[in-house]
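For reference, the structure is listed below as structure tokens.
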């Protein structure tokens, strides 16, 4: 009763921001993302006769109140009809809890490994629905390439799932550069920030009113490999999401000076004839969308900026999968 899985982070091009239900987790709006080869989590799960679940993430023990990992494993156990407890060890090759979608790769790898260790044989759609109950955005990392998470309308969440809209091979020269300006844990979690925004932002209804238009533009742009359409829509969508955070009570501002420096640098790149756009999740780290032909110049410009400590180059990556090399 032991299995190991890997999963890549995914970065949304049309953001998920806000829940209409917390139990089960259901989004206020649909979203589209790219699964990122380059930001990966590996997780080993073993079920045995032990007093409780234990979780180690990047050599740090996680307690029950930090994330609902224990509760998510309980879901898997209930579904499989087993009473054993799990030992879980997980490692990521990029900073966690810093706005780089570590929960997405983490919960996706956890779900796939736990289901395999528990003897469950679920379809990708079923895995997506189960993963969503631990972390919403993680349901997209089950799949590779470009992925859409459908909002759904049913209260039980049976129609809220992710599916691949274009394989990783569909757009081989699409790239995303994650710039690391701050690796420490962010002050407000995505989960907390979403709840605060939905409850207090006077402009949240306007965010929801424009999402479907953004979804269509990005979906069509991906299928046509229209970089300008995808990039410009993704950039504006990210700015709209952060506008809702800034106008909550109290305001949530993830940006730091280096964040703004990258934003202005990307805008200058476009003035200079480079095709580059930015997107940001709930954190200070900016992701730059570009194409393979411009990677060298854009990366050099980003590394010259004050505050940029590292860059991670990502291309469209694979979905979550079982691997044979265990962590213990």
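Since every read-out is calculated from the coordinates, none of them should be taken as a lab result. Here the structure is a predicted model, which is why all the values come from computation and not from measurement. Because the Cβ atoms are built from the backbone with ideal geometry, glycine has one as well, and the counts that use them run over all protein chains shown.
Spin-label pair residue 199-residue 293: with each label point 7 Å from Cα along the Cα-Cβ axis, the two points sit 5.0 nm from one another. Seen from all directions on average, the range 167-249 presents a Cα convex hull projection of 6.9 nm².
Compared with the dominant Cα axis of the chain, that is its longest principal axis, helix 190-200 is turned about 70°.
Here the ratio of the Cα radius of gyration of the chain to 2.2 N^0.38 Å is 0.95. Once both labels are positioned 7 Å from their Cα atoms along Cα-to-Cβ, the gap between residue 79 and residue 154 label points is 1.5 nm. Taking every C-alpha pair closer than 8 Å and separated by at least 6 residues, the mean separation divided by the residue count of the chain gives a relative contact order of 27 percent.
Shape class for the range 174-316: oblate, because the ratio a/c of the largest to smallest gyration tensor axis (alpha-carbon atoms, square roots of eigenvalues) is 1.5 or more and b/c is at least a/b.
By the count of other C-beta atoms within 10 Å, a proxy for reagent exposure, 21, 90 are ordered fewest to most as 21, 90.
If you run the Gaussian network model on the chain, springs between alpha carbon atoms under 10 Å, then out of 240, 121, 168 the most flexible one is 121. The angle between the Cα long axis of helix 204-224 and the main principal axis of the chain comes to about 90°, on a 0 to 90 degree scale. In terms of surrounding Cβ atoms within a 10 Å radius of their Cβ, 267, 151 rank from fewest to most as 267, 151. Take the Cα of residue 305, step 7 Å toward its Cβ, do the same at residue 228, and the gap between the two points is 2.3 nm.
Shape class for the range 2-168: prolate, because the ratio a/c of the largest to smallest gyration tensor axis (alpha-carbon atoms, square roots of eigenvalues) is 1.5 or more and a/b beats b/c. At an R0 of 41 angstrom, the distance between the Cβ atoms of residue 206 and residue 313 translates into a FRET efficiency of 0.75.
Among 130, 289, 122, the largest mean-square fluctuation in a Gaussian network model of the chain, built with springs joining Cα atoms closer than 10 Å, belongs to 122. Only helices enter the 222 nm calculation for the chain: every DSSP H run of n ≥ 4 contributes -39,500 (n - 2.57), and dividing by all residues gives -11000 deg cm²/dmol, rounded to 500. Between the beta carbons of residue 126 and residue 50, assuming R0 = 25 Å, the FRET efficiency works out to 0.40 to the nearest 0.05. The distance from the alpha carbon centre of the range 146-196 to that of the range 256-281 is 21 Å, rounded to a whole number.
Between residue 93 and residue 20, full extension at 0.36 nm per residue minus the direct alpha carbon distance yields a gain of 23.1 nm. Just to confirm the number: angle between the C-alpha axis of helix 257-271 and the first principal axis of the chain, 0 to 90 degrees, nearest 10? Helix 257-271 sits at roughly 50 degrees to that axis. The GNM of the chain, with springs linking C-alpha atoms under 10 angstrom apart, assigns the highest mean-square fluctuation among 75, 132, 219 to 75. In the range 115-217, the ratio of gyration radius to Kirkwood radius, Rg to Rh, stands at 1.00 when only Cα atoms are counted. Would you work out if the range 87-164 is rounded, prolate or oblate? Take a ≥ b ≥ c from the square roots of the eigenvalues of the alpha-carbon gyration tensor; rounded if a/c is under 1.5, else prolate when a/b is larger than b/c, oblate otherwise. Judged from the Cα gyration tensor, the range 87-164 comes out oblate (a/c at least 1.5, b/c at or above a/b).
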